[in-house]
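Trainee: First, the structure itself, so that you have it in front of you.
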């Protein structure tokens, strides 16, 4: 049985892989987005992530989904999963 967090993680990896293949500005690794969200980056790294988020709607969407997950970890809503699936299928 697939854990809902594992499913979301796989979708996010698909998004980042697709961005790299399409020649977009290289997206930060998943761990960097998570570290940014948690406030665990140096100021220089934080600025790099912020500059990237300003131009990459998919990474910004990923950060929003991460926030929703962390805000309601026990209440993963169907609409949030659908949003992640929609982003992954772009």
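The values are calculated or read from the model by the stated rules, or taken from the named source; none is laboratory data. The model shown is predicted, which means the values in this text are computed figures rather than measured ones.
Trainee: Could you tell me which of the residues 39, 23 is on the phi > 0 side of the Ramachandran plot and modelled with pLDDT of 90 or more?
Mentor: Of the residues listed, the single one that is on the phi > 0 side of the Ramachandran plot and modelled with pLDDT of 90 or more is 39.
Trainee: Oh, and also: Here are some conditions: (1) at pLDDT 85 or above; (2) assigned to a loop (DSSP other than H, G, I, E, B); (3) closer than 18 Å to residue 6 by Cα. Residue 28 meets all but one. Which one does it not meet?
Mentor: All conditions pass for residue 28, except number (3).
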